[in-house]
Amino acid sequence: MSSPDELRVNDRVSIPRSELTYRATKSGGPGGQHVNTSSTRIELLWNPTASLALDGTSRAIVMDRLSARLDAEGSVRVVASDSRSQRQNRVSAEERLVELVRKALVVRRKRTATKPSRAAKAQRLDEKKRRGRTKALRGKRASEFD
């Protein structure tokens, strides 16, 4: 990413690589029989609760938005097994983690409540009356609406 000892998430947040835990496991991806003997799948673990990269507010936001991805220890787990190369899978896992944290840190704009216009209300009511007349004409008392 930006420097060899950190993953750059945005202008304010960089995750030190020392906080990341990598685990190589056997992959079920492409490669035929070779894949049975080499551990190319990468699991990347990062614990936002213990991270020095986040301040209190950012930590709370990340913990809230990534709560479904946290394990029992509070770590975020990202897996990459796209490639036959362990190095490429490691880079891919890092990119996925950065994207995950970047999206979690995006401040969403507050929705402003809007009301339908007077013309839109009138149009809706006219359509309801028209539909009601159509349905009423199907009944036995059709002469009431003539």
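Checking segment 123-134 against the condition returns a match, with at least one residue being in a helix (DSSP H, G or I), modelled with pLDDT of 90 or more, of a type in the set (A, V, I, L, M) and over 30 Å from Val13 (Cα atoms).
When we screen Leu105, Leu66 for residues that are of a type outside the set (Gly, Ala, Ser), in contact with a strand residue (DSSP E or B) (Cβ under 7 Å, 6 or more places away or on another chain) and farther than 28 Å from Ser38 by Cβ, the only hit is Leu66. Limited to segment 69-101, what total is found for residues that are at pLDDT below 90, assigned to a helix (DSSP H, G or I) and loosely packed, with under 14 Cβ neighbours inside 10 Å? Counting residues in segment 69-101 that are at pLDDT below 90, assigned to a helix (DSSP H, G or I) and loosely packed, with under 14 Cβ neighbours inside 10 Å gives 1. For segment 72-94, the set of residues classified as touching a residue at least 12 places away in the same chain (Cβ under 8 Å) and of a type outside the set (Gly, Ala, Ser) consists of Glu73, Val76, Arg77, Val78, Val79, Asp82, Arg84, Gln86, Asn89, Arg90, Glu94, listed by residue number.
How many residues does segment 103-122 contain that are of a type in the set (Gly, Ala, Ser) and in a loop (DSSP other than H, G, I, E, B)?
Our first condition is that a residue be of a type in the set (Gly, Ala, Ser); within segment 103-122, this holds for 104, 113, 117, 119-120, 122.
Still in the running and in a loop (DSSP other than H, G, I, E, B): 113, 117.
Summing the residues that are of a type in the set (Gly, Ala, Ser) and in a loop (DSSP other than H, G, I, E, B) in segment 103-122 gives 2.
Taking segment 54-63 as the range and being among the small types (Gly, Ala, Ser) and touching a helix residue (DSSP H, G or I) at 6+ places or on another chain (Cβ under 7 Å) as the test, only Ser58 passes.
The values are calculated or read from the model by the stated rules, or taken from the named source; none is laboratory data. Every value quoted in this text rests on a predicted model; they were computed, and no experiment measured them. Don't worry about glycine lacking a Cβ; one is built from the backbone with ideal geometry, like all the others, and counts go over all protein chains shown.
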